[in-house]
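Every number in this text was worked out from the coordinates using simple rules, so none of it is lab data. All of these numbers come straight from a predicted model, not from anything done at the bench. Virtual Cβ from ideal backbone geometry, glycine too; neighbours counted across all protein chains shown.
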Amino acid sequence: MIGEVLALIGAVLVLLAAIGVLRLRDAFERMHALTKATTLGVVLVLLGAAIFMNQPNDWTSLLLAASMQLVTSPIAANLIGRSSDLLRRAKTAAGVDPDEPAP
């Protein structure tokens, strides 16, 4: 019962992150919604799955997947945010409106 609830909460968080990516207008807002909710959602789904597993090998695989999610997601968000900021600065320096879509 606890594993199912954790997996459901995690799935709802991932769904909310996907909706946030579709509804938010700026790259920084999208990145924030995606990284925060998805990281916690995936970890909760993996924790819920770990409750049902019987073998220690399964637990270590889920632990490895959760730790990789926790390590790589903030780094990827930082790189995406930095590249978006650099692109915005370059467009502003060139005299182009940074919020205008490309032709």
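Taking all Cα pairs closer than 8 Å and separated by 6 or more residues, the relative contact order of segment 28-103 comes to 33 percent. Here the residues THR38, THR60, ranked from fewest to most Cβ neighbours within 10 Å of their Cβ, fall in the order THR60, THR38.
Over the chain, the hull volume per residue, using the convex hull of the C-alpha atoms, is 89 Å³. Note on ASN57/ASN78: beta-carbon distance plugged into 1/(1 + (r/R0)^6) with R0 of 35 Å gives a FRET efficiency of 0.60. Estimated purely from DSSP H runs of n ≥ 4, each contributing -39500 (n - 2.57), the mean residue ellipticity at 222 nm for the chain is -30000 deg cm²/dmol once divided by its residues.
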